[in-house]
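A short write-up of the structure that comes next.
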Amino acid sequence: MYFWSNSCHIVVEHSASLDSELILPLVFSGALKSELFETDGSDIKVRAITYYSYLTGPEKADFVHVVLKILSGRTLEQKQLLSKSVLVQLQKLELQTCSLTVEVVDIERASYAKLVS
């Protein structure tokens, strides 16, 4: 069955010293609290990529970078709300010397396809 939704595909990139099992629920919660998706979060998918090899400027430091891929059509204000909502949740980790960044990227509706079987 093909259908349209308010899909949110979230990719969390982070340094290997951080635990994705702690990060993913916070990111999910931030997306859900934005109230831009289904109230049960069924249209929010979150996954992580752990990096063992990376540079963060001249010194190696921990990082979390979240990319929220959402179907196009949201206003700038809605996108700002979403990124801030996720960032607020990530701050609950109380990480020292860690870069936290959040990015919202549009998925073009005209080219998006989804199949659920």
Review point. If you check V86 against the conditions, is it assigned to a helix (DSSP H, G or I) and among the β-branched types (V, I, T)?
Key: yes
By residue number, the members of the range 21-66 that are within 15 Å of K92 (Cβ to Cβ) and of a type outside the set (A, V, I, L, M) are E21, P25, F28, S29, G30, K33
Listed by first then second residue, the pairs whose first member lies in the range 65-85 and is closer than 25 Å to T50 by Cα and among the hydroxyl-bearing types (S, T, Y), whose partner is surrounded by fewer than 18 Cβ atoms within 10 Å (Cβ to Cβ) and at pLDDT 95 or above, with beta carbons under 7 Å and at least 6 positions apart or on separate chains, are S85/K33
### Query
Any residue in the range 32-40 that is hydroxyl-bearing (S, T, Y) and not in a helix (DSSP H, G or I)?
yes
Here the qualifying pairs (Cβ atoms under 8 Å; residues six or more apart or on different chains; first in the range 26-45 and surrounded by fewer than 19 Cβ atoms within 10 Å (Cβ to Cβ) and at pLDDT 95 or above; second assigned to a loop (DSSP other than H, G, I, E, B) and aliphatic (A, V, I, L, M)) come out as none
Of (1) under 13 Å from the mean Cα position of the chain (by Cα); (2) within 25 Å of S111 (Cα to Cα), L76 satisfies every one except (1)
Among residues of the range 63-86 being touching a strand residue (DSSP E or B) at 6+ places or on another chain (Cβ under 6 Å) and surrounded by fewer than 17 Cβ atoms within 10 Å (Cβ to Cβ), the residue farthest from R47 (Cα to Cα) is S72
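The values are calculated or read from the model by the stated rules, or taken from the named source; none is laboratory data. Note that the structure is a prediction, hence the values are computed from the model and not measured. Positions of Cβ are backbone-derived with ideal geometry, glycine not excepted, and every protein chain shown enters the neighbour counts.
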